[in-house]
Amino acid sequence: MRFLVLLALPLLAGSVLLRRNGAALSSAPPKAQSCPAPESVSCSKKHAARGHIALFIVGVKHRFMMNSTMEKVVRRYVDDGYAVHLYVSLIMDASGAGNSVSARSFGQEDPAIEKMKPTELHEYIRSAVHSVGACLMCAEFPERPEPLPHLPENPGQLQQYPPSTTVDGKRLMNLWLRRERLWNVTLSVERHLDKKYDFLLWVPDSSLWIDKAARPSEILKDDFAKTTVWLRDCTTVGENNDHVVAFGRDAAPTMLTLYSSFLQGGLLEETVSCEEYLISAAMSRALWMNLSRFELFPEIDSMYYGDTHNLSTCIFGTYWCEGYTRESMGLKEEFCEAVERRMKSSENIGGNLMRGHGGRPF
């Protein structure tokens, strides 16, 4: 198969544009979820001097860690002059989470939201979002993952966890489905605002941000920003993970319709992991792939653990970025894998250190 490769010199990291001849993605998006009409959501307009940003959080309530995302991402973007809109989908039933990483089985839920019902959780998130000057445009809280239609085999696609035959693959499809459904809501919001989002990104439900995210105004200085996908180079290792991925508006229809693209036959290239799939999807649409430094999106996958009355936070070495150390970043949190080894050997394994319901969303 022939490729056309073009090189560029963007602002923050090396980028390569790969064009695959004749390939195209079609999209038949799922039915939009019921969310408030855009005109009924009250949002401040004073922060929209530079434009609009859409941020997606899709996952499971049991793993939800919101504080650092609000302070180091959302507030950062608002202070940079953007109107920030959040779109959230969290499964309420903890059994909807997978356990692709065994240490997740020791995870505990944030006590602040543990007993909340959907209406209470919605107000809790809305209040937190409003407090940093942003707006919660849509939030859904399904009890459990919805049944999926018959999934095509698509030989050669997502070989690590084929969706038609594996539980992890089906969880990935559910994640992509919910993300795509929120994308359909953003299209309605754009029509209402008569403006398009300038910058979009998704972050995991279990993010721990160790520093402020880079300013969008700097990122978007790139001449190719509208058609760029920013993917941290330390998330291309083929693991089951869903780290931060950001993209310009013209790249959004590809990045946020991966579910439909798979249902309609997938891609021409063979792929092993979800990262390879989204990179291949971007290539098929001639998007720019920016493999960015960790400092652009300084986020680490994490979880709460321990006694529910005295929780600690650990970080996952499984998704660690090579070239960095906990000491160099000033982190005191342990690796969750070390916590798992200690807990397995602890005499308290059946007492205060009860297993939780961790796992990745697929």
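The rows are residues; the columns are (1) surrounded by fewer than 23 Cβ atoms within 10 Å (Cβ to Cβ); (2) closer than 30 Å to LEU220 by Cα.
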| position | (1), (2) |
| --- | --- |
| GLY81 | yes, yes |
| ARG104 | no, no |
| ALA134 | no, yes |
| TRP183 | no, yes |
| LEU187 | yes, yes |
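Among the residues of region 150-160, which ones are under 29 Å from ALA94 (Cβ atoms) and surrounded by fewer than 21 Cβ atoms within 10 Å (Cβ to Cβ)? HIS150, LEU151, GLN159, GLN160 - these are the residues of region 150-160 that are under 29 Å from ALA94 (Cβ atoms) and surrounded by fewer than 21 Cβ atoms within 10 Å (Cβ to Cβ). Of all residues in region 192-215, those that are within 21 Å of VAL41 (Cβ to Cβ), in contact (Cβ under 8 Å) with a residue 12 or more places away in the chain and either over 17 Å from the mean Cα position of the chain (by Cα) or open to solvent by 10 Å² or more (accessible area, probe 1.4 Å) (or both) total 6. Can you pull out the residues in region 79-95 that are among the small types (Gly, Ala, Ser) and touching a helix residue (DSSP H, G or I) at 6+ places or on another chain (Cβ under 8 Å)? GLY81, SER89, ALA94 - these are the residues of region 79-95 that are among the small types (Gly, Ala, Ser) and touching a helix residue (DSSP H, G or I) at 6+ places or on another chain (Cβ under 8 Å). Is it true that some residue in region 111-120 is under 29 Å from SER273 (Cβ atoms), touching a strand residue (DSSP E or B) at 6+ places or on another chain (Cβ under 9 Å), open to solvent by 40 Å² or more (accessible area, probe 1.4 Å) and part of a loop (DSSP other than H, G, I, E, B)? Looking for residues that are under 29 Å from SER273 (Cβ atoms), touching a strand residue (DSSP E or B) at 6+ places or on another chain (Cβ under 9 Å), open to solvent by 40 Å² or more (accessible area, probe 1.4 Å) and part of a loop (DSSP other than H, G, I, E, B), one finds none in region 111-120, hence no.
Considering only residues in region 225-244 that are more than 12 Å from LEU287 (Cβ to Cβ) and hydrophobic (A, V, I, L, M, F, W, C), the one that is modelled with the lowest pLDDT turns out to be VAL237. If you go through region 285-295 and pick out every residue that is open to solvent by 10 Å² or more (accessible area, probe 1.4 Å) and either under 18 Å from the mean Cα position of the chain (by Cα) or among the hydroxyl-bearing types (Ser, Thr, Tyr) (or both), you end up with 5.
Are any residues in region 330-341 outside any strand (DSSP E or B) and surrounded by 14 or more Cβ atoms within 10 Å (Cβ to Cβ), and if so, which ones? Of everything in region 330-341, those that are outside any strand (DSSP E or B) and surrounded by 14 or more Cβ atoms within 10 Å (Cβ to Cβ) turn out to be LEU331, GLU333, CYS336, GLU337, VAL339, GLU340. With respect to ASP307, is the statement that it is surrounded by fewer than 18 Cβ atoms within 10 Å (Cβ to Cβ) and not small (Gly, Ala, Ser) true? Yes: the conditions hold for ASP307. If we scan region 198-205, do we find a residue that is under 23 Å from GLY330 (Cβ atoms) and of a type outside the set (Lys, Arg)? Yes: region 198-205 contains one or more residues that are under 23 Å from GLY330 (Cβ atoms) and of a type outside the set (Lys, Arg).
Can you spot a residue in region 66-85 that is closer than 30 Å to TYR319 by Cβ, modelled with pLDDT of 85 or more, touching a Leu at 6+ places or on another chain (Cβ under 8 Å) and not in a helix (DSSP H, G or I)? Looking through region 66-85, at least one residue is closer than 30 Å to TYR319 by Cβ, modelled with pLDDT of 85 or more, touching a Leu at 6+ places or on another chain (Cβ under 8 Å) and not in a helix (DSSP H, G or I). For region 253-263, filtering for residues that are in contact with a strand residue (DSSP E or B) (Cβ under 8 Å, 6 or more places away or on another chain) and either surrounded by fewer than 21 Cβ atoms within 10 Å (Cβ to Cβ) or more than 20 Å from LEU200 (Cα to Cα) (or both) leaves 0.
Would you mind stating whether GLY266 is in contact (Cβ under 8 Å) with a residue 60 or more places away in the chain, of a type in the set (Gly, Ala, Ser), farther than 21 Å from GLY59 by Cβ and open to solvent by less than 40 Å² (accessible area, probe 1.4 Å)? Yes, satisfied.
Are any of the residues in region 16-34 outside any loop (DSSP other than H, G, I, E, B) and at pLDDT 65 or above? No, region 16-34 contains no residue that is outside any loop (DSSP other than H, G, I, E, B) and at pLDDT 65 or above.
The values are calculated or read from the model by the stated rules, or taken from the named source; none is laboratory data. If you're wondering where the values come from, they're calculated on a predicted model, not measured in any experiment. FYI the Cβ positions are ideal-geometry reconstructions off the backbone, even for glycines, and counts take in every protein chain you see. Side chains are part of the model used for accessible areas, which takes the heavy atoms of the whole protein and leaves out ligands, DNA and RNA. Shrake-Rupley method; radii C 1.70, N 1.55, O 1.52, S 1.80 Å.
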